[in-house]
Amino acid sequence: MKFSGKFITFEGPEGAGKSTHTKLLCEYLRKKGRDIVYVREPGSTRIGEKIRGILLDDKNKEISDITEMCLYMASRAQLVKEIILPALGKGKIVISDRFQDATIAYQGYGGGIDVKLIKGLGKAVTYGLVPDLTVLLDNDLDKGLNQQGKVKDRIENKPLAYHKKVHFGYMQLAQAEPKRIKIVRQDDDVALTQDKIRKLVDKIL
Ligand code: TMP
């Protein structure tokens, strides 16, 4: 699919600073006069936010691996159809906090679901949409998982071994697609990290 708009996704293990950096990037691009649509996964549509509630509720511990994967896909299907494709068609820049790579890293590498199955299903729910750029924020896993004062959701509460597998999965994805997926190491200096991100984004606009 070819669009006049651009599709940029942010990925990374827990606490890698996606919300800070997507927010700063949106401000930067809006100041430059760009038309931005910001979304997050799971969620961002009325239906998707309900699905997010089910997925992240720590009480839903009995959720099966396949149910979990299908719910992430369901939220994505709705988001792509309802918001992302129409916005790209109008030439907007869509910035998404997580997308398909997250399901491969978390449910695939972390949860052990066949990656080929995830990719096949993912292609169907996204109509084959692939981001123009994916910023993979990398951080110190322990630091990211143990942010002070934060109440952990169901996924964050999974064991460290799970999150290590997720991290490994993301690194594998970046290695396989170095043109699209750019690793940005989260620096203590937010401005420095943001500067690296802006340079990557400027290149594709
Ligand atoms: P967030 O914390 O980045 O808002 O994302 C919500 C949680 O959902 C986070 O722990 C990562 C997880 N997640 C998956 O496990 N699979 C997915 O496909 C997506 C999009 C998120």
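Taking region 28-50 as the range and being more than 11 Å from the ligand (Cβ to nearest atom), closer than 21 Å to A124 by Cβ and assigned to a helix (DSSP H, G or I) as the test, only I47 passes. The single residue among G15, G5, G43 that is touching a residue at least 40 places away in the same chain (Cβ under 8 Å), under 25 Å from V151 (Cα atoms) and not aliphatic (A, V, I, L, M) turns out to be G15. Considering the conditions (1) surrounded by fewer than 14 Cβ atoms within 10 Å (Cβ to Cβ); (2) within 20 Å of N157 (Cα to Cα), R30 is excluded by exactly one of them, (2).
The residues of region 138-166 that are away from the ligand (no atom under 12 Å from the Cβ) and within 14 Å of the chain's Cα centre (by Cα) amount to a single one, D138.
Only residues that are modelled with pLDDT of 95 or more and touching a His at 6+ places or on another chain (Cβ under 9 Å): list them for region 162-186, please. The one that is modelled with pLDDT of 95 or more and touching a His at 6+ places or on another chain (Cβ under 9 Å): V184.
Would you confirm, using the coordinates I've provided, whether L200 is surrounded by 13 or more Cβ atoms within 10 Å (Cβ to Cβ), closer than 28 Å to E82 by Cα and within 13 Å of the ligand (Cβ to nearest atom)? Spelling it out, it is not the case that L200 is surrounded by 13 or more Cβ atoms within 10 Å (Cβ to Cβ), closer than 28 Å to E82 by Cα and within 13 Å of the ligand (Cβ to nearest atom).
If we scan region 142-161, do we find a residue that is at pLDDT 95 or above and assigned to a loop (DSSP other than H, G, I, E, B)? Checking region 142-161: not a single residue is at pLDDT 95 or above and assigned to a loop (DSSP other than H, G, I, E, B). Among residues of region 51-79 that are touching a residue at least 12 places away in the same chain (Cβ under 8 Å), those with a Cβ under 6 angstrom from a residue that is surrounded by fewer than 21 Cβ atoms within 10 Å (Cβ to Cβ) and among the basic types (K, R), sequence gap 6+ or separate chain, pair up as L56/R154; D58/R154. Determine if region 85-96 includes at least one residue that is within 20 Å of R46 (Cα to Cα) and either within 11 Å of the ligand (Cβ to nearest atom) or touching a Lys or Arg at 6+ places or on another chain (Cβ under 6 Å) (or both). Yes, that holds for at least one residue.
Of the residues making up region 1-27, those that are among the hydrophobic types (A, V, I, L, M, F, W, C), buried (at least 17 other Cβ atoms within 10 Å of the Cβ) and outside any helix (DSSP H, G or I) are F3, F7, I8, F10, A16. Taking the conditions (1) over 13 Å from the mean Cα position of the chain (by Cα); (2) more than 26 Å from L205 (Cβ to Cβ); (3) within 13 Å of the ligand (Cβ to nearest atom) in turn, V80 satisfies each one other than (2).
For (1) basic (K, R); (2) out of contact with any Lys or Arg (no Cβ under 7 Å at 6 or more places or on another chain); (3) surrounded by 14 or more Cβ atoms within 10 Å (Cβ to Cβ); (4) closer than 25 Å to L25 by Cα, each residue gets a yes or a no:
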| site | (1), (2), (3), (4) |
| --- | --- |
| Q147 | no, yes, no, yes |
| K150 | yes, yes, no, yes |
| I155 | no, yes, yes, no |
| A161 | no, yes, no, no |
| Q175 | no, yes, no, yes |
| P178 | no, yes, no, yes |
| K182 | yes, yes, yes, yes |
| Q186 | no, yes, yes, yes |
| V190 | no, yes, no, yes |
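Only residues that are within 13 Å of the ligand (Cβ to nearest atom) and not in a loop (DSSP other than H, G, I, E, B) were counted in region 110-134, giving 8.
The values are calculated or read from the model by the stated rules, or taken from the named source; none is laboratory data. All values derive from a computational prediction rather than experimental measurement. Ideal geometry is used to build each Cβ from the backbone, glycine not excepted, and the neighbour counts take in all protein chains shown.
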